[in-house]
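The values are calculated or read from the model by the stated rules, or taken from the named source; none is laboratory data. Predicted, not measured: the structure shown is a model, and the values here were computed from it. Heads up, the Cβs are rebuilt from the backbone with ideal geometry, glycines too, and the neighbour counts pull from every protein chain shown.
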Amino acid sequence: MFGIGYPELLVILFIILLIYGGAKLPELAKGMGKAVNEFKKAKDGVEDSIKKELSSTEKPNQNKPEEKDKT
């Protein structure tokens, strides 16, 4: 994870605890959780729309029979 190990992560979390205090941490964690959840929903929506576009462009080519010249 970006070259950050467990000791560095613990130091960062400790600094956050000192800055925001114990009372604000649950609110901060809830906000971060909501932000991550919204990001995942947006990512899934973009993936679905891309898949729909790709499938709609592939279907006419697959279903179209090849026409032979009858001359």
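Numbers below:
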read-out	value
When residues of region 22-56 are limited to those that are over 19 Å from the mean Cα position of the chain (by Cα) and among the polar types (S, T, N, Q), the one modelled with the highest pLDDT	S55
Among (1) at pLDDT 85 or above; (2) surrounded by 10 or more Cβ atoms within 10 Å (Cβ to Cβ); (3) of a type outside the set (S, T, Y) - the single one K59 does not satisfy	(1)
Sole residue being at pLDDT below 90, surrounded by 10 or more Cβ atoms within 10 Å (Cβ to Cβ) and not in a helix (DSSP H, G or I), chosen from I4, I16, I12	I4
